[in-house]
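Worksheet: one structure, shown below.
The values are calculated or read from the model by the stated rules, or taken from the named source; none is laboratory data. Not measured: the values here are computed from a predicted model. Note that we place each Cβ from the backbone using ideal geometry, even for glycine, and neighbour counts take in every protein chain shown. Only protein heavy atoms, including side chains, enter the accessible area calculation; ligands, DNA and RNA are left aside. Shrake-Rupley method; radii C 1.70, N 1.55, O 1.52, S 1.80 Å.
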Amino acid sequence: MNSFYQSVFDNIQALRRAGKAPLALAVIEQELSIPYVPEEIAARLEELRKEIESDQPQPVPDSAMRLDSLINGSPAAKEKAVAVLQTLNLRNYHDQVQKLLNDPMLLDEFKGELIRELIRQRIEEPFSISKDGLDFEFVPSLITPDYKDPTLVQVRKLFEDWLGGSFVLSEDFAGQLLEQEVLETLPLSFEEVDPRSLAASIVRLVYISMKDEAGWKTFARDHNLEQIQLYPLKIEKRGE
């Protein structure tokens, strides 16, 4: 192991010994998000993450009761329950997570945040959900994280190429819209989606939000997108 990765593992273990598990997990997540992490290093990081997560204390009854109260509360309370669960070892909360995934009052965006955390924690138990009129099961550990999804990687590269030097359009805003689309779509993937189609749809939505339809037409012409079939964005249909 080279000296850089040895220092990374030393840092993680030092944080772990100091009782700073959230910081240790954050370092692991940051390293795993970097492209081209050597396979053996990624495997060791994943193993270490599981060890740290399994060391986390079980919830005390009062906190568990409070969580159940949030889950059974108003839409705003349910959203808060999602935020709370994202800080916990979800292996201990299968039933609570499943209840939120089944809840029609919880917006898909928040369900997506919960699913992303299940994926991040490599949860191996199956969950069920209704999506696009279909009922199906998914296993979080088998889903490719969005930062590794080839389609989404290409879309972000297109944003960089198209918008990186723009004084009119914000690459960050396009990225935020893509993030929302990912959350609305999980646990379904973008594997079969054309990256140019998805990227063009997001950029068009940026122009539409600016009430600049003419600007979009000019952009499409300049980037040879006039004939492309646009991807139907879920975030554009919200509220329908």
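For the reader, a short list of remarks on this structure follows.
- Test: Gly73 is in a helix (DSSP H, G or I) and modelled with pLDDT of 90 or more: no
- Taking each residue of segment 215-240 that is under 16 Å from Leu107 (Cβ atoms) and looking for partners that are of a type in the set (D, E, K, R) with beta-carbon atoms closer than 7 Å, six or more apart or interchain, yields Leu233/Glu181; Lys234/Glu181; Lys234/Glu184; Ile235/Glu181; Ile235/Glu184.
- Just one residue in the set Val82, Val139, Val153 is in contact with a strand residue (DSSP E or B) (Cβ under 9 Å, 6 or more places away or on another chain) and under 30 Å from Ile12 (Cα atoms); that residue is Val139.
- Failed condition for Ala83, given (1) modelled with pLDDT of 85 or more; (2) open to solvent by 60 Å² or more (accessible area, probe 1.4 Å): (2)
- Helices (runs of 4 or more DSSP H) lying entirely in segment 106-188 (those with 1 or more residues that are open to solvent by 30 Å² or more (accessible area, probe 1.4 Å) and of a type in the set (A, V, I, L, M)): 150-163
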